[in-house]
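To keep things clear, I will list the structure first and then write my remarks on it.
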Amino acid sequence: MSRSVETGSVLSPVTADDVGLAVRLAVGVLRDAPAEGWDGKAGSLEWDCWETVEHIANDLFYYAGQLGPQSPPLDTHVPFALRHKRPDGPAYFLFADRDAGPAGLLQVLETCGALLVAMVRTTPSGVRAHHTAGVSDPEGFAALALQETLVHMHDVAEGFGLAWTPPSDLCSRVLARLFPEAPGGADPWLTLLWATGRAELPGHPRLTMWRSNSTPH
């Protein structure tokens, strides 16, 4: 269990169902994205919208992969080879076929999300695996997936001019698991954006450096 940064109340853990919901919501919004906007900048990032969604899919795939071995490594990640499409772009394990268009990219996102959902659901809670934010358990990887999906969807939605406000309870559980020191009392979504360097919070300046903590509490 985690403690809410809003009220101090005990929250339920982040679950595989939370990951599935976040991916479905993201795909639902992205289906309305204009076809001509995918090469546009994603919010405050130096990546374009296509690259950013591809990055979300890669993260979900990466988290599923870390939980895959019978004895996951604790000192480094499972050694998928990283590639860059361009020097300033994100690093990838896998690529979406550009010829398949945005619909194909969303299928890749859905597929990677489904893989992680299955791994979080079936991996025993006592399993630990490497992540740079801290050796983590299945719930931690689910929380990291929520962070990446919710926050990078903010970037993409900003790039397209689309509305994106995820459910408050998802944001609260991510904050409680990954950012337990985040200030309470404000809207959970705004607080998550603040914790990831994307917004100001009343009484708290915008962060220029931030780090989540995926180590089990």
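Worth pointing out:
- Largest to smallest accessible area among His77, His217, His154 [probe 1.4 Å]: His217, His77, His154
- Arg31 - accessible surface, heavy atoms, 1.4 Å probe, Å² rounded to 10: 150 Å²
- Protein accessible area in the chain, 1.4 Å probe - carbon and sulfur %: 54 percent
- Cα-projected label distance for Asp169 with His204, points at 7 Å along beta-carbon direction, nm: 2.3 nm
- Going by accessible surface with a 1.4 Å probe and the largest first, Phe95, Phe141, Phe160 read Phe95, Phe160, Phe141.
- Dipole of the stretch 123-217, positive end: most advanced residue of Val151, His131, Trp194 [Cβ charges, Cα centre]: His131
- Rg/Rg_ref, the chain, where Rg_ref = 2.2 N^0.38 Å and atoms are Cα: 0.98
- With the convex hull of its Cα atoms as the shape, the stretch 139-217 has an orientation-averaged projected area of 5.2 nm².
- Each of His84 and Asp17 was given a label point 7 Å from its Cα along the Cα-to-Cβ line. The distance between the two points is 4.2 nm.
- Computed label-point distance, nm, for sites Asn213 and Arg121 using a 7 Å Cα→Cβ extension: 3.2 nm
- Neighbourhood charge, 12 Å Cβ-Cβ cut-off, centred on Ser214 and excluding it, Lys, Arg +1 and Asp, Glu -1: 0
- Accessible surface comparison of Ser214, Ser125, probe 1.4 Å, protein chains only, largest first: the order is Ser125, Ser214.
- Surface per residue (accessible, 1.4 Å probe) for the chain, Å²: 46 Å²
- Cβ-based net charge around Ser125, under 12 Å, with every Lys or Arg adding one and every Asp or Glu removing one: 0
- Qualifying trypsin sites (Lys or Arg not before Pro) for the stretch 53-111 [loop in DSSP, other Cβ within 10 Å: at most 14]: Lys85
The values are calculated or read from the model by the stated rules, or taken from the named source; none is laboratory data. The shown structure was predicted, so the numbers you read here are calculated from the model rather than taken from an experiment. Methodologically, a virtual Cβ is constructed for each residue, glycine included, from the backbone with ideal geometry; neighbour enumeration extends over all protein chains shown. Calculation scope for accessible area: heavy atoms of the full protein, side chains included, ligands and nucleic acids excluded. Shrake-Rupley method; radii C 1.70, N 1.55, O 1.52, S 1.80 Å.
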